[in-house]
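The structure appears right after this line, and notes come after that.
The values are calculated or read from the model by the stated rules, or taken from the named source; none is laboratory data. Source: prediction; values computed, not measured. Glycine gets a Cβ as well: all are built from the backbone with ideal geometry, and neighbour counts include every protein chain shown.
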Amino acid sequence: MLLVVAAFIVAFVLLLYMISPLISPKPLKLNGAHVVVTGGSSGIGKSIAMECYRQGAFITLVARDESKLVQAKKEVEKCAINDKQVVLCISVDVSKDYGQVESVIKQCQEKLGPVDMLVNCAGTSFSGKFEEVEVERFRSLMEVNYLGSVYPTRAVITTMKERRMGRIMFVSSQAGQIGLFGYTAYSPSKFALRGLAESLQMEMKPYNIYVTIAYPPDTDTPGLAEENRTKPLETRLISETSGVTQPEQVAKTVVKDAVQGNFNSSVGPDGYMLSALTCGMSPVTSITEGLQQIELSHILYDYNIIIDCPKTVCSCLTLVIVNSD
């Protein structure tokens, strides 16, 4: 009897693997596609733009600082694979005025065609103990990190629905998966993106539009250098356990996931484990991914095995220490 049950389970799993490609999203071809990258003048955003350009995309870089945009454009153009590619730069604050953002998106679509993929990478970070963070900082982080993604997405979504195709990426953070000491202002603004991404994916899937939410770890960017100036000791110790990732590595991973239409995008083994631990009711892109999450959750929770996830471990230890007088 046990052999029959085991055979049935194996056959069922094999069947799921066979039909998974039939119901998974078709990859987006970046060659000739129009990709808009907000926060594209530096850091992860610039690296994502360069990665897409290497695959033949047309790029619109959106950021506030015009001088940084000009420099970023020169760097992106060096990654061209043909002489038809174009890099367009537009200076605007995507978190302040929706009307301006809508106008910018209309402008870039008139020049380079409909947006095939939107990468919401505009963001900022700050760390500090809750009672020491200025109240204004909570508002500004929510504006930049959350509304700065809502406005561009709102501006492209109608055209994507009409064309019944598109990709939308939200760049969150591992601090948007678990709350960490010192991130009482930053983490909520990144957690908000997950709620937006999950809700939006439900609405957009019938239109062949797929949402990806990326959870990069600490990455070697100007933003991280600025954040380190105010990091509490506890936050610094937690961060140091997993090291610093290069923006080029993050870009390759998240672009690949967005092209494939994967909902979750994590970087490195600890990022993968963290995504599995915090997957909750998030959408799964394929049956294979769902089965992996089920099995991994079973191992982690039932057998208490923690594999190469130092940031999660240190976060838990910090919480225990802080909460234990």
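Applying a threshold of 6 Å to beta carbon distances and a minimum spacing of six or more residues, or different chains, the list of pairs starting in region 132-152 at a residue that is closer than 8 Å to S95 by Cα and of a type in the set (A, V, I, L, M, F, W, C) and ending at one that is at pLDDT below 95 and surrounded by fewer than 20 Cβ atoms within 10 Å (Cβ to Cβ) reads V144/T124.
When L118, L147 are checked against the criterion of being surrounded by fewer than 24 Cβ atoms within 10 Å (Cβ to Cβ), under 16 Å from the mean Cα position of the chain (by Cα) and more than 15 Å from N264 (Cα to Cα), a single residue qualifies: L147.
Inside region 44-75, can you point out the residues that are of a type in the set (G, A, S) and either closer than 20 Å to T153 by Cβ or in contact with an Asp or Glu (Cβ under 8 Å, 6 or more places away or on another chain) (or both)?
Matches in region 44-75: G45, S47, A49, A57, A63.
Can you tell me which of (1) at pLDDT below 95; (2) touching a helix residue (DSSP H, G or I) at 6+ places or on another chain (Cβ under 9 Å) is the one P269 doesn't meet? The number of the failed condition is (2).
Just checking, how many residues over region 53-77 are over 15 Å from L112 (Cα atoms) and either at pLDDT 95 or above or not in a loop (DSSP other than H, G, I, E, B) (or both)?
15
Being closer than 19 Å to T124 by Cβ and outside any helix (DSSP H, G or I) is a property that does not hold for R194. Pairs linking a residue in region 84-102 that is closer than 12 Å to T38 by Cβ and touching a residue at least 24 places away in the same chain (Cβ under 8 Å) to a residue that is assigned to a loop (DSSP other than H, G, I, E, B) and acidic (D, E), with Cβ atoms under 8 Å and 6 or more positions apart or on different chains, are S91/D65. Quick check, is K190 surrounded by fewer than 19 Cβ atoms within 10 Å (Cβ to Cβ) and among the basic types (K, R)? So K190 fails the test. Scan region 199-255 for residues that are assigned to a helix (DSSP H, G or I), over 16 Å from R167 (Cβ atoms) and in contact with a Pro (Cβ under 7 Å, 6 or more places away or on another chain) and the total you get is 1.
Only one entry in R229, R164 is on the phi > 0 side of the Ramachandran plot and of a type outside the set (S, T, Y), namely R164. Can you pull out every residue in region 155-184 that is under 17 Å from the mean Cα position of the chain (by Cα) and among the charged types (D, E, K, R)? Selection gives R167 alone.
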